[in-house]
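The values are calculated or read from the model by the stated rules, or taken from the named source; none is laboratory data. All of these numbers come straight from a predicted model, not from anything done at the bench. Every residue, glycine among them, receives a Cβ derived from its backbone with ideal geometry; neighbour counts consider all protein chains shown. The area values use the complete protein model at the heavy-atom level, side chains included, leaving out ligands, DNA and RNA. Shrake-Rupley method; radii C 1.70, N 1.55, O 1.52, S 1.80 Å.
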Amino acid sequence: EALGRAPATVAKSMAALTGLFDFAVDEGLVERNPARSARRPKVPTVSPRQGLTTGEVRALLDALDPDTLIGRRDRVLLLLLAVQAWRISEALGLHVEDLGEEGGHRVATITGKGNKVCRVPLAATTWQALREWIDIAHLDGGAILVPVLKGGKVEPGNSMSPQSAWRRIRRIGKRAGLT
């Protein structure tokens, strides 16, 4: 707190320390957990963070280069996060085999929080971006949001990492003039 950290950050660090000391108690390394009695900051129930406005999402999409493989892949990523309102794990876990049609709607099967599997409809813009990316990247199956190597070569197989995805989003945000 003295370093100016947010209450949620301090509480998360305290929870990690408590867990570490609980482990040390279980292993007989220490007799008691000193973190259990430490004062914890009050964390607001409502997050001070707000989502992006429609204009900010549009600025992100406009900051992409639609003529590159990376730009097309990043468009899919942004549409899944912003338009579909998916978690990053849901977007990165999407596979070609998860796409389909049901009752005249284009849908995706996703694994959400708690390993809950569900079918969700896709917005037309998201579906179109997905189909274009899959075609241009020549993805026959497997992960959709795959790495693009230098030289413009797609690396099929494993999905890009969450860290890589967030780095891309931050880079696009800077390019779009968002803070």
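Going through Trp133, Trp127 one at a time, which residue ends up being farther than 22 Å from Gly55 by Cα, open to solvent by less than 70 Å² (accessible area, probe 1.4 Å) and either part of a loop (DSSP other than H, G, I, E, B) or among the aromatic types (Phe, Trp, Tyr) (or both)? Spell out how you get there, then give the answer.
Values: Trp127 fails: farther than 22 Å from Gly55 by Cα.
After applying the criteria, what remains is Trp133.
Return the total of residues in region 136-151 being over 13 Å from Val76 (Cα atoms) and surrounded by fewer than 14 Cβ atoms within 10 Å (Cβ to Cβ).
7
Is it the case that some residue within region 61-70 is touching a helix residue (DSSP H, G or I) at 6+ places or on another chain (Cβ under 6 Å), at pLDDT 95 or above and surrounded by fewer than 18 Cβ atoms within 10 Å (Cβ to Cβ)?
no
With the checklist (1) among the aliphatic types (A, V, I, L, M); (2) within 23 Å of Gly51 (Cβ to Cβ); (3) at pLDDT 95 or above; (4) not in a helix (DSSP H, G or I) in hand, flag the one item Ala85 doesn't pass.
In the conditions (1) among the aliphatic types (A, V, I, L, M); (2) within 23 Å of Gly51 (Cβ to Cβ); (3) at pLDDT 95 or above; (4) not in a helix (DSSP H, G or I), Ala85 misses (3) alone.
Can you give me the number of residues within region 93-103 that are farther than 9 Å from Ile144 by Cβ, open to solvent by less than 70 Å² (accessible area, probe 1.4 Å) and not in a strand (DSSP E or B)? Reasoning before the result, please.
Initial filter on region 93-103 (farther than 9 Å from Ile144 by Cβ): 93, 97, 100-103.
Within this subset, residues satisfying the condition of being open to solvent by less than 70 Å² (accessible area, probe 1.4 Å) are 93, 100.
Keeping just the survivors that are not in a strand (DSSP E or B) gives 93.
Residues that pass the stated criteria total 1.
Looking at (1) under 30 Å from Thr179 (Cα atoms); (2) open to solvent by 60 Å² or more (accessible area, probe 1.4 Å); (3) small (Gly, Ala, Ser), which one does Ser37 not meet, given that it meets all the others?
Of everything listed in (1) under 30 Å from Thr179 (Cα atoms); (2) open to solvent by 60 Å² or more (accessible area, probe 1.4 Å); (3) small (Gly, Ala, Ser), Ser37 misses just condition (1).
Can you name every residue in region 126-159 that is modelled with pLDDT of 95 or more and either of a type in the set (S, T, N, Q) or in contact with a Leu (Cβ under 6 Å, 6 or more places away or on another chain) (or both)?
Thr126, Gln128, Ala129, Ile144, Leu145, listed by residue number.
Within region 136-158, count every residue that is assigned to a strand (DSSP E or B) and under 19 Å from Trp86 (Cβ atoms). Lay out the reasoning, then the answer.
First, pick out the residues of region 136-158 that are assigned to a strand (DSSP E or B): 143, 148-149, 153-154.
With the extra rule that they be under 19 Å from Trp86 (Cβ atoms), the set shrinks to 143.
Matching residues across region 136-158 total 1.
Provide a single number: the residues in region 71-92 that are open to solvent by 40 Å² or more (accessible area, probe 1.4 Å), farther than 16 Å from Glu132 by Cβ and of a type outside the set (A, V, I, L, M).
Counting residues in region 71-92 that are open to solvent by 40 Å² or more (accessible area, probe 1.4 Å), farther than 16 Å from Glu132 by Cβ and of a type outside the set (A, V, I, L, M) gives 2.
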